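Heads up, the thing below is written out as structure tokens.
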Amino acid sequence: MTAALRVDNLAYRYPGRDQPAVDGMSFEVAGGEVFGFLGPSGAGKTTTQRAVLGLVDGWNGTIELFGRDRREWGAGLYDRIGVCFELPVGYPRLTAREDLTHFAHLHRRECRDAGEVLAGLGLDGAADQTVGSLSKGMRIRLNLARAVLHNPDLLFLDEPTAGLDPVNAAVVRELIAAEQARGCTVFVTTHDMALADAACDRVAFVVDGRICACDSPRAFRLGYGQASIRVEQNTDAGPVTTELPLEGSAGQLAALLESGSVETIHTAEASLDEVFTRVTGRDL
């Protein structure tokens, strides 16, 4: 299968800067995959995405979308991709419905019904409110609605859960799952490890303008974390938590259970942000 996106040895240096923002970036995103791009601020994530989207020129290396060189694409590319930027955008004097209808007219492929897209993101009650009157979280969801309106084949999401409460962050995860289910490829740039863990098939750890590791979230956790059992007890001295290795601790666990003070038992493994720190030596 032709990759939806292929980047090989990408390099870019902003004018006047000594160090490159992107330095030998290489990765491939398969069709229908949800691919996560994780890294601290200044790691080169946004610059890479800007090069792919055609927002910066003067880069070196190779960028291919749907098997075609990025430099050969014209405006037709934007009918095949959807983009949701981190910062809310929109026409403040238009209603949410009018805003989506306007953008639908810019595309040369069939678009979804604006009302249905808004309803899918919990914005049906705000469809006839002006964009300027919406909260930041609602405008972020309007960004998402605009990005999926034309049924793109490749969807770019830049920090899609930033500024959202847990309920609306779950809505974003549901949208990603729905887009993948219809065959869309999703490229997610995020600091939200819960989103990356729950939604992404693979994640790339980005540091200093290049990828230092790429694998599935599960493989990262199993490869770099240590599985354990966390036992919480209510003792005369107060709550006590004991962590035991998953293997070879049956006797210790049995002794704790026999004490009659055990309240909860949980399996525990390294979180994705802990793995990131172990692999890269950096914090997000």
Being under 13 Å from the mean Cα position of the chain (by Cα), open to solvent by 10 Å² or more (accessible area, probe 1.4 Å), of a type in the set (A, V, I, L, M) and at negative phi narrows A119, A170 down to just A170
Restricting the range 81-95 to residues that are open to solvent by 80 Å² or more (accessible area, probe 1.4 Å) and over 14 Å from R50 (Cα atoms), the one modelled with the lowest pLDDT turns out to be L87
Exactly one of V279, V231, V262, V207 is hydrophobic (A, V, I, L, M, F, W, C), touching a Pro at 6+ places or on another chain (Cβ under 8 Å) and open to solvent by less than 70 Å² (accessible area, probe 1.4 Å), and that one is V207
Filtering the range 12-28 down to residues that are hydroxyl-bearing (S, T, Y), under 25 Å from G67 (Cα atoms) and either open to solvent by 30 Å² or more (accessible area, probe 1.4 Å) or not in a strand (DSSP E or B) (or both) yields S26
| Regarding T185, is this residue among the hydroxyl-bearing types (S, T, Y), crowded, with 18+ Cβ neighbours inside 10 Å and in contact (Cβ under 8 Å) with a residue 40 or more places away in the chain? | yes
(1) at pLDDT 95 or above; (2) out of contact with any strand residue (DSSP E or B) (no Cβ under 8 Å at 6 or more places or on another chain); (3) loosely packed, with under 15 Cβ neighbours inside 10 Å all hold for G76 apart from (1)
Exercise. Answer with yes or no whether G36 is free of Cβ contacts under 8 Å to residues at least 60 places away in the same chain, in a strand (DSSP E or B) and touching a strand residue (DSSP E or B) at 6+ places or on another chain (Cβ under 8 Å).
Key: no
Of the residues in the range 44-96, those that are over 24 Å from the mean Cα position of the chain (by Cα) and of a type in the set (D, E, K, R) come to D57, R68, D69, R71, E72, R93
Here the residues within the range 210-223 that are touching an Asp or Glu at 6+ places or on another chain (Cβ under 8 Å) and either open to solvent by less than 70 Å² (accessible area, probe 1.4 Å) or farther than 22 Å from L157 by Cα (or both) are S216, P217, R221, L222, G223
Evaluate the following for E98: is it more than 20 Å from M193 (Cα to Cα), among the acidic types (D, E), part of a helix (DSSP H, G or I) and open to solvent by 10 Å² or more (accessible area, probe 1.4 Å)? yes
Condition set open to solvent by 10 Å² or more (accessible area, probe 1.4 Å) and within 23 Å of T277 (Cβ to Cβ), scope the range 29-43, selection farthest from the chain's Cα centre (by Cα): answer is G42
- request: With the condition kept exactly as written, say whether any residue in the range 101-109 is outside any loop (DSSP other than H, G, I, E, B), closer than 20 Å to D158 by Cβ, out of contact with any strand residue (DSSP E or B) (no Cβ under 8 Å at 6 or more places or on another chain) and in contact (Cβ under 8 Å) with a residue 40 or more places away in the chain.
  value: yes
Expected output for the range 65-85 (first residue without any contact (Cβ under 8 Å) to a residue 60 or more places away in the chain, partner hydroxyl-bearing (S, T, Y), Cβ below 9 Å, 6+ apart or cross-chain) is D69/T62; R70/T62
- Query: Any chance the range 150-160 includes a residue that's assigned to a helix (DSSP H, G or I) and either at positive phi or surrounded by fewer than 23 Cβ atoms within 10 Å (Cβ to Cβ) (or both)?
  - Reply: no
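The values are calculated or read from the model by the stated rules, or taken from the named source; none is laboratory data. The structure displayed is predicted, hence computed values, not measured ones. As a convention, Cβ positions derive from the backbone with ideal geometry for all residues, glycine included, and neighbour counts pool all protein chains shown. Side chains are part of the model used for accessible areas, which takes the heavy atoms of the whole protein and leaves out ligands, DNA and RNA. Shrake-Rupley method; radii C 1.70, N 1.55, O 1.52, S 1.80 Å.
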